[in-house]
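Below is one structure, written out as structure tokens; comments come after it.
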Amino acid sequence: MPSQSPLTGSTTLEYSQAWAATNRLIREGKSWSGREPNTLYLNAGDRSFADISFASGAAFPDDARAVAPVDWDDDGDLDFWVANRTAPKVRYLRNDAGNSSRSIALLLRGTKVNRDAVGSRVDVRVGEQRQVQLRQAGNGYLAQKTAWLTFGVGQAERVDELVVRWPDGSEQRFRDVATGTRYTLVQGEQALKPVTPRSTAAARGLAVSEPKAVAPTSAARIALVKRRPLPEMSITDTAGRTHSLGGRPLLVNFWTSTCSNCIAELNAWNTESETWRKSGLAILALSVEAPEAGGVPGAARTLMQRLEPSYSWGTASDAWLHTFNVLQRWIVDRQDEMRVPTSFLIDAQRRLAYVYRGPVSAAQLATDVATLALDDEAFARAAQALPGRRAHAAGLPGMVDIAGELFDGQRLDEASFYLELGLAALGAPTPGEPLHQRAAAALTKLAGGYLEAKRPAEAVARLERAVSHDASNASSWFTLGEARARLNQKLPAIEALRRATELDAGLAAAWLRLGALLNETNEPAAAIEALRSATRAAPDDGRAWFTLGGTYLAQHAPADALPCFRKSTELQPQHALSWTGLGTCLAFAGDKPGALQALRRALELDPQDQRAKAMLEQLQSTR
Amino acid sequence: MIAPLFVLVCCAPPVQDGRLTPLPAERASALPDKLEGEMKNLDPKLEGWDTEAFNSAAGAQISALGKLLHDPAHVDTAALAPLLASDFSCGPLRPEELTQVFASGVLRVLRGTPGSRSLVGAEGFARALRELGGAYEAGADVHLKSKIVSVDDHGAGRLACNALIMMWGDSGPGVTQQTSDWTIEWDWSESGKPPRMLSVCCTRYEESITSGAILSDCSEAVLGANAAWKQHLLRGTDDWCRRIDLAAGMNQYAHNGLAIGDVDGDGLEDLYLCQGGGLPNKLFLHQPDGTARDQSAEWGVDWLDETMAALILDLDNDGTNELVLSTASGVLVMRRASGKPDFELARELPFPGGYSLAAADVDGDTRLDLYVCRYATANLPNGLPTPYHDANNGPSNALFRNKGELEFEDVTAKLGLDHNNRRFSFAAEWADYDDDGDLDLYVANDFGRNNLYRNENGRFRDVAGEAGVEDISAGMGVSFGDYDGDAKLDIYVSNMFSSAGQRIAYQRAFQPALDAAVRGQFQRHARGNSLFRNRGDGSFEDVTLESHVGMGRWAWGSQFVELDGDGRPDLFIPNGFITNEDNEDL
């Protein structure tokens, strides 16, 4: 990834793609600097450290994040709590390295400074050896250590000197302090107060064991704390009935006849149909086997004929399989391609509420359907994996990502649906913000799809919004010009193309389109200027030279047109009209043999070229 | 890219997959997939870093050597031969003379310099390896873990690498660990075949020996009686990411920390554990017998919002502790309530995406103020860190002044902390590094230079550059401590030790347009942790290399800690980024 980083300025496509790909690989189960043993360095006292990670027992291969030291068992040395990404999500490591040493521990109490005495420093001297401890609140990474300051003193029975410097700058000095004790040190008081440890002996004799992590399962019931809106979709089942989403609770199930769990599940739903029917649920079971000639996979039909299902069934179209696959990828942060059986429970408001990876029982379905009528807040509570409270309701994540993946599968309307949901969360367009720049880029990409699908009006609607999110995106303006041109909105198209070329003078295609449009609106001088810019931006693009030549010719300037057509025939020798243009110019220039040769070449390439024919005949008839 | 040679026991149980069947191939292949195009920008092998391919191949060979060393007293000479070129030679791998540099309680450390005696062929190597294994008791199960840290291509199929070799195994009632640096020359002239070792030379050798337990895992004994232990804590993030809605905030990265503090005022410090979105944060109240009781719900602190960090501290000096959380959506401030639950939400600072929290009374009004680091989250529209080695386009950090009554005001700009303040900050610590009586602030930043904000009469100035502690690398954590007993505060910074980064950034093909200075910054970026010795004149000296504390792997919250009671701070380094069931590392 660093090898893709732009060295200055803004993000490049390659750099952001590298980030996206990294995140994606992690979501799909890759490890990255995983299984790393925690490291423990022992201060060897000679300004060097020794690696004792394995010798000490610290080297758990956890994805450890934060450590918080505390003398948990009151035995005079620090034990460690470690927060992990992996299971166990927290470890308590009892430390017995200090058992043969003495220590002293202090809890500071501020009276003229903050009560916790945060910001204080304590220096301890034993003989020539000095040590410092800081009272901090927040240290390391995402951690807060014990409030007690613990000083190891080896075998020393007394500390020669102990100096506390409070955060207000005042100091207190204590001499000849007995070790092996815990003290509170109250600001301004003359004596340290010994504290009796509250821990019992049991705390020092806790059993040692290796916690056994629960094995993850791919099968899961995923309750969505925030129900996801679904686009309008419909499909026809084997009985010829059309099913659409919304209106009543619907379970969409994907299965194959070769998957035993699918068959067992389909069978169970059939025998227990009373259970789920009572709840008002409809089930639509869609086979994902490849359809045969009749549109239905034979093995699936055979199975269903045997089952005589009490629910509807059919074959998943590419549109449905693709859309639901993308949806199930983006409901959790661990992304897998869809496997079967997978089922989607959709509420009457056309929102996805539950996804079941693996089989789901009729009883579970009935339970879950009963929650669908709850309001958002109550449903979110019902959908929690473990109980707890929330300060903020969940948002709608992944909408733009879903749109991107649907777009890649040419599901334009579904992509548009999710892009709009994603953009709604952005708020009002703010020029210059990276998120809005990305919004504009996404809308432009979508519009490009609509344009390719010959739906220019839909393209224009998106592009007008794209330029309101980010008016500095030349590609948005160019596509807008192109789309308006296809709708025959010539003047607005010209305006958009002018914006595009102002932002990026190297956008040859925009210059070319602009030149052509200016021709159509009878502005030949402006057209010639635009087309000249097109040839400058892309000197190897024959189309620009050809259009420029044609424009000169229409302006009765064959001498200017001639070099353009020459260039055009060089760059696109198979283009008949370029030869026609060249022939015409040569004829004007009095080069009859050259003209004849060019026109004959035009007619070879396109025998139907009426213009070339007429010109040739005219030339041949004159002496 | 490097597969670990030994996957240690525990922690990554295989995924139970029995209930799902893949889609039929012809349907699955019809689904669009963009991954291939994106991959090109990611995989160093595809990017054309030849030595990355070498690294995989050489790593596999060292791994094979590790297997032969399981029982080092009986190294199989015949099995060694295929790993070696015909004219192989090596020096001794364990010095004959070892000096004890440390001894205390159950722990000893020995060091030595291996001699220059030359051993040849498989026979000679086997002898060197048997000598190496002499550190263990007979029949010990010996493990080896290696990391290739740099590769030099000498041309004509000759390559050399520096590798960190770690071995450990039982030794009486304790464990012996050997830490060595090896330079290995390789012959990789035969295409399609694995590289063979031409020579092995040990350049650094250290041996740590324990005669009893140091750290023991008693997690289950402390927490096991709580339902949450099995239901929640024994499931890893990879599992929760398969079953908790993304909308709840659950994600793969798990930047969730912990806090120690006396929440209930009984004189025993308790544990508050932050969790990812959709999983409740946990409050475990410390009992005198060493166990801890889950009181998260009863005390009203079982927040499901994604929580990065927590502080337990007395913000209003009334003798009871408040609880402060940095969450994805804001900073929550809770205080003790009179009824049940025991805590109530008193304030929320609209400052989403906070990471580490660090409190200090900056203005001397006796009230603790809050510094909040911020990184990038989905909620924050800052785009990607650009440029990677020196990014200052992240969300801003802030200092919130405590005005009393648990009200806060943002004084970041007023105090000069708004300078260099958008650097994707993971962590910060307050300490008076220059002994002038006021607290200064060090901030560890991920994509480039760190901040040292010097407190100059109540206003702050970033002096990291002049003090020599910019530490241009992937900063993740910071810890102040006096490692050398001179009463001056030194700084240890956690970074990313990326062996892939080390290997790649040193090659010419890496961003060839770079000038030497910027290339140096990229190279520095992957070097690992840094130790800065306080010179006492306001500046620091980078003593990482001579202190041997750089290799903390992918380090997060490293801290100076007193481990063994000798008064010299040691270093605990929690590390590792993402472990999923896939063994092939990115």
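The values are calculated or read from the model by the stated rules, or taken from the named source; none is laboratory data. These figures come from a predicted structure and were not determined experimentally. Cβ: placed from backbone, ideal geometry, glycine included. Neighbour counts: every protein chain shown. Keep in mind that these areas ignore ligands, DNA and RNA; they rest on the heavy atoms of the full protein, side chains included. Shrake-Rupley method; radii C 1.70, N 1.55, O 1.52, S 1.80 Å.
At 1.4 Å probe size, with every protein chain present, just tell me what the per residue accessible area of the protein assembly as shown comes to in Å².
36 Å²
If I fit a long axis through the Cα atoms of helix A:298-307 and take the longest principal axis of the Cα atoms of chain A, what angle between them do I get, 0 to 90°, rounded to 10?
60 degrees
Checking the a/c ratio against 1.5 first, then a/b against b/c, what shape does the Cα gyration tensor give for chain A?
Values: a/c = 3.27, a/b = 1.72, b/c = 1.90.
Oblate shape, in that a/c is at least 1.5 and b/c is the bigger or equal ratio.
List the residues, sorted by chain then number, that are 5 or more residues from residue B:149 or on another chain and whose placed amide H is less than 5 Å from its amide H.
Those lying under 5 Å, H to H, from residue B:149 are B:162, B:163, B:164.
Describe numerically, in nm with one decimal, the distance between label points set 7 Å from Cα along Cα→Cβ at residue B:189 and at residue A:454.
Each label point is offset 7 Å from its Cα along the Cβ direction, giving 6.5 nm.
Round to the nearest 0.05 the FRET efficiency obtained for residue A:274 and residue A:377 when R0 = 30 Å and r is the Cβ-Cβ distance. Spell out each step's value before the answer.
On the way: r = 32 Å, r/R0 = 1.06.
The computed FRET efficiency comes out at 0.40.
Alpha carbon centre of the range A:194-210 versus the range A:517-578: separation in Å?
90 Å
Ignoring ligands, DNA and RNA and using a 1.4 Å probe, state the total buried accessible area between A and B in Å², rounded to the nearest 100. Numbers along the way, then the final one.
On the way: alone 33490 and 28510 Å², together 43750 Å².
About 18200 Å² of accessible surface is lost on pairing.
So which trypsin sites (Lys or Arg not before Pro) in the range A:387-430 end up in coil per DSSP with only 14 or fewer other C-beta atoms within 10 Å?
On the way: sites: A:389, A:390, A:411; in loops: A:390, A:411.
In loop regions of the range A:387-430 (DSSP not H, G, I, E or B), there are no sparsely surrounded trypsin sites (Lys or Arg not before Pro).
Hey, got the dipole for chain B? About the Cα centre, +1 on K and R Cβ, -1 on D and E Cβ, debye to the nearest 20?
So the dipole magnitude of chain B works out to roughly 1880 debye.
Taking a ≥ b ≥ c as the square roots of the eigenvalues of the Cα gyration tensor of the protein assembly as shown, is the shape rounded (a/c under 1.5), prolate (a/b larger than b/c) or oblate?
prolate
Report the equivalent ellipsoid semi-axes for the range A:124-163 in whole Å, largest first, defined as the square roots of five times the eigenvalues of the gyration tensor built from alpha carbon atoms.
Those come to 25, 9, 8 Å.
Please compute the modelled spin-label separation between residue B:435 and residue B:97, points set 7 Å along Cα→Cβ, answer in nm with one decimal.
So the label points at residue B:97 and residue B:435 sit 3.9 nm apart.
Within the range A:93-123, list the residues whose amide N lies under 15 Å from a label point set 7 Å along Cα→Cβ of residue A:157.
Output list for this probe position: A:102-103.
Toward the positive end of the charge dipole of chain B, about the Cα centre and with charges on Cβ (Lys, Arg +1; Asp, Glu -1), which of B:421, B:355, B:236 goes farthest?
Towards the positive end, the residue furthest out is B:236.
Using alpha-carbon positions, what is the distance between the centroids of the range A:43-109 and the range B:115-174, in Å?
Result: 29 Å between the Cα centres.
Projected onto the charge dipole of the range A:223-368 (+1 at Lys/Arg Cβ, -1 at Asp/Glu Cβ, origin at the Cα centre), which of A:260, A:365, A:235 gives the Cα projection farthest towards the positive end?
A:365
Take residue A:367, project a point 7 Å from its Cα along the Cβ direction, then tell me which residues of the range B:211-254 have their backbone nitrogen under 18 Å from it.
Taking a point 7 Å out along Cα→Cβ of residue A:367, the residues of the range B:211-254 whose backbone N falls under 18 Å are B:231-232, B:243-245.
Taking all protein chains in place and a 1.4 Å probe, what share, in percent, of the accessible surface of the range B:418-480 do carbon and sulfur account for?
Exposed carbon and sulfur together represent 37 percent of the surface.
Find the cysteines in chain A that fail to meet the 4.7 Å Cβ criterion with every other cysteine, and list them.
Flagged as lacking a Cys partner: A:564, A:585.
Restrict the search to the range B:117-181; then list the GluC sites (Glu not before Pro) that DSSP places in a loop and that have at most 16 other Cβ atoms within 10 Å of their Cβ.
The qualifying sites are B:137.
In debye, nearest 20: dipole of the protein assembly as shown around its Cα centre with unit charges on the Cβ of K, R (+) and D, E (-)?
Roughly 3540 debye for the protein assembly as shown.
For residue A:408 and residue A:260 in the same chain, what is the full-extension length gain: residue separation times 0.36 nm, less their Cα-Cα distance, in nm?
Here the segment from residue A:408 to residue A:260 would lengthen by 50.1 nm.
In nm, give the distance between the simple-model label positions of residue A:536 and residue B:152, each being 7 Å from the Cα along the Cα-to-Cβ direction.
Taking the simple label geometry, residue A:536 and residue B:152 are separated by 5.4 nm.
Can you give me the C-alpha center-to-center distance between the range A:257-278 and the range B:188-216, rounded to a whole angstrom?
Using only Cα atoms to place each centre, the spacing works out to 57 Å.
Determine the relative contact order of chain B: mean sequence separation of Cα pairs under 8 Å and six or more apart, normalised by residue count, in whole percent.
Normalised by residue count, the contact order of chain B is 8 percent.
Counting only protein heavy atoms and a 1.4 Å probe, tell me what percentage of the range B:210-249's accessible area is made up of carbon and sulfur.
Looking at the range B:210-249 in its full context, I get 49 percent from C and S.
Counting only C-alpha contacts under 8 Å and six or more residues apart, can you give the relative contact order of chain A as a whole percent?
7 percent
Taking 41 Å as R0, compute the FRET efficiency from the Cβ-Cβ separation of residue A:487 and residue A:525 and round it to 0.05.
Efficiency at R0 = 41 Å is approximately 0.95.
Which one, B:175, B:273, B:201, projects farthest toward the positive side of the charge dipole computed for the range B:166-277 from Cβ point charges (K/R +1, D/E -1)?
B:201
Ignoring the sites themselves, what is the longest stretch of chain A with no GluC sites (Glu not before Pro) in a DSSP loop and at most 13 other beta-carbon atoms within 10 Å?
Longest stretch, sites excluded: A:338-623.
Taking 0.36 nm per residue of sequence separation and subtracting the Cα-Cα distance, how much length would be gained by fully extending the chain between residue A:282 and residue A:318, in nm to one decimal?
10.8 nm
Note down the relative contact order for the range B:266-420 as a percent, whole number, built from C-alpha pairs under 8 angstrom at least six residues apart.
For the range B:266-420, the relative contact order is 14 percent.
Between residue B:337 and residue A:46, what FRET efficiency comes out of the Förster formula 1/(1 + (r/R0)^6) with R0 = 51 Å and r the beta carbon distance, rounded to 0.05? Show your work: numbers first, answer last.
Working: r = 53 Å, r/R0 = 1.04.
In this case the efficiency is close to 0.45.
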